[in-house]
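What follows is one structure encoded as structure tokens, with my remarks underneath.
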Amino acid sequence: MLVLKFGGTSVGSVKNMTNVKSIVSEGGRKVVVLSAMSGTTNALVEISKTITEGNSEEALTLVETLYQNYMVVVNDLFSKQEYIDESLQYIDGVFSELRDLTTQPTNKLLYRIIVSKGELLSTFMFSRFLQQDGIKATLISAFDFMRTDRLQEPDSFYIKQNLERVLNDNLDTEIFITQGFICLDADGQVSNLERGGSDFTASIIGAAVGAEEVQIWTDIDGFHNNDPRFVHDTDAISHLSFDEAAELAYFGAKILHPQTVMPVRDLKIPVRIKNTMEPAAHGTLIDDSAEGEGIKAIAAIDGITAIKIKSARMLQASGFLKKVFEIFEKYHTSIDMITTSEIAVSLTIDDPTYLKDIVAELEEFSKVEVDTHRTIVCVVGNNIVHHPDTHKLFQILQDINIRMISYGGSNNNISLLINTSDKTETLQKLHRYVFETALA
Ligand SMILES: Nc1ncnc2c1ncn2[C@@H]1O[C@H](COP(=O)(O)OP(=O)(O)O)[C@@H](O)[C@H]1O
Ligand SMILES: N[C@@H](CC(=O)OP(=O)(O)O)C(=O)O
């Protein structure tokens, strides 16, 4: 069994959906996980935000604009009248629900119901697109098996049991199509795996069915050695270990959802990143073997807040860090980077939801400084901490104001905290140096 996930761009046009059709119609039994058509989830988030702001008239206008886009897609996608009629009926149902929702009182559930519609629309239309060509494909609802527990983690036992049941109900099916991103929560309410979560859906399914491989099909020829949105001349990496891929994804490589590697790592199920527009390209293989020395890739994550906690009480006192960490734990806020001196500790968080509460509690026993708009740049490679030339990175960045350095936490990762305004320059300088010297 294979699991293939196609992202927003891959299902974002008739041309790309035609590529996806030819990719999925080859080979054996598979589960195909689809995202919403590109732009749809953003539009749904905007609709939900507009409703929350109390502007239901504007929300209705946004719903109508999106509806018109789908009318065009149906006309382009289908040639046979029965498929046009069936799709129009489905789309009309979804959009009449969205119109009703524009006047409902807002809450988290309303948002989740609204954003779930993108994947429901794309999977419905793609399954009918295959059927129009006589390709047998069964649409299965993620709501029938994909569920999170009280800690909002995937409920792997529930998922395995229910997915097996759904697959066994359709023993003669070769191609299953399902929605990425969406799921039910522990109370059985509509929920999701957070933005970009379809990759995570694919690896959760891969683990549940014991897949041979999980394939992430996207709009680029693999995991690149730097962020192509900020640096020219980046190259696809042919191989990454699970650890390397996880670090890069966690520290901002948008191509992979940060949690994707988690469900498959222990089961040693490889993840392959492929380009829907260029299926013959090698792509990137992610598995449990580490190979080569030197820097493999650079990534950056914005929206980081740095917190410096200074206290005379820290001097030669044990238990100070415990006290600090307990506050972050209390507010379910995870810490990304940390450096300490004898009288101060600096750390970073990427979720500032509870920043005010955290600072208030820290100020009860220390002096606190907060810096927002920071970026973590992360350099990843096999055993780079021990590479004799690694220190030269800091010479290259002598004009950049580096606020924190994390070196030696793992052998494979060096992280630097910089001002977000210096991000592009930092990525470009590192790229030029690293990939044109012996460090690569
Ligand atoms: N290191 C990287 N390698 C490849 N792509 C990257 C990297 N960092 C950022 N990206 C961006 O990620 C995009 C693909 O991710 P995403 O938009 O989530 O795809 P999809 O819609 O297929 O899920 C690429 O088009 C590229 O601009
Ligand atoms: N549609 C969702 C889930 C997703 O994973 O999308 P994509 O695969 O296009 O990044 C989102 O936009 O967040």
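Of all aspartates and glutamates in the structure, the ones whose alpha carbon falls short of 14 Å from that of residue 322, not counting any fewer than 8 places away in one chain, are 361. With kT/(6 pi eta Rh) evaluated at 4 °C and eta = 1.567 mPa s, and Rh the Kirkwood radius from Cα pairs, the range 1-57 diffuses with a coefficient of 99 µm²/s according to Stokes-Einstein. Counting lysine pairs in the range 1-125 whose alpha carbons fall under 18 angstrom apart, excluding pairs fewer than 8 residues apart on the same chain, gives 10.
Once the Cβ-Cβ distance of residue 212 and residue 232 is raised to the sixth power relative to R0 = 45 Å, the FRET efficiency obtained is 0.80. In percent, rounded to a whole number, the relative contact order of the chain is 14, using alpha-carbon pairs under 8 Å and six or more apart.
Ordering 24-32, 352-360 by mean Cβ neighbour count within 10 Å, with the highest value first, yields 24-32, 352-360. Summarising the strand pairing of the chain, around 60 percent of its internal DSSP beta bridges are antiparallel.
Partners of residue 136 within straight-line reach, counting aspartates and glutamates whose Cα lies under 18 Å from its Cα and excluding those fewer than 8 residues away in the same chain: 26, 82, 86, 169, 172, 174.
The distance separating the Cα centre of the range 343-395 from that of the range 138-162 comes to 35 Å.
Using a simple spin-label model with pseudo-atoms 7 Å out from Cα toward Cβ, residue 329 and residue 157 lie 2.5 nm apart. For the range 216-357, the gyration tensor built on C-alpha atoms gives a prolate shape. Its axis ratio a/c (a ≥ b ≥ c) is at least 1.5, and a/b is the larger of a/b and b/c. Taking Cα centre as origin and charging only the Cβ of basic (Lys, Arg, +1) and acidic (Asp, Glu, -1) residues, the dipole magnitude of the range 2-219 rounds to 260 debye. When the listed pairs 160/268; 323/356; 367/423 are checked against a 24 Å cut-off, the alpha-carbon distance exceeds it for 367/423.
Kirkwood hydrodynamic radius computed over the chain comes to 23.6 Å, based on all pairs of distinct alpha carbons. Using the average count of surrounding beta-carbon atoms within 10 Å as a protection proxy, the listed peptides 217-225, 68-76, 425-433, 156-164 rank, highest first, as 217-225, 425-433, 156-164, 68-76.
Determine one quarter of the surface area of the Cα convex hull of the range 359-440, which equals its mean projected area, and express it in nm² to one decimal.
With the hull built on Cα positions only, its mean projection is 6.5 nm².
Taking label positions 7 Å along the Cα-Cβ direction at both residue 108 and residue 293, the computed distance is 4.9 nm, reported to one decimal. Look at the Cα gyration tensor of the range 2-219: its axes a ≥ b ≥ c give a/c of at least 1.5 with a/b at or below b/c, and that counts as oblate. With coordinates expressed along the principal axes, the C-alpha atoms belonging to the range 117-193 extend over 43, 27, 13 Å, beginning with the largest. In terms of packing, defined here as the mean over residues of other Cβ atoms within 10 angstrom, the peptides 246-256, 391-401, 187-197, 261-271 line up highest first as 246-256, 261-271, 187-197, 391-401. Determine, at each q value in 0.13, 0.18 (inverse angstroms), the log₁₀ of I(q)/I(0) that the Debye formula gives when each Cα of the range 283-440 is one equal point scatterer. Results for the range 283-440 at q = 0.13, 0.18 Å⁻¹ read -0.69, -1.09.
Under the simplified labelling scheme, the residue 282-residue 69 pair shows an inter-label distance of 3.6 nm, with each label point 7 Å from Cα along Cα→Cβ.
Extension gain for residue 168 to residue 419 (0.36 nm times residue separation, less C-alpha to C-alpha distance): 85.1 nm.
Every number in this text was worked out from the coordinates using simple rules, so none of it is lab data. The shown structure was predicted, so the numbers you read here are calculated from the model rather than taken from an experiment. Please note: Cβ atoms are built from the backbone with ideal geometry, for glycine as well, and neighbour counts cover all protein chains shown.
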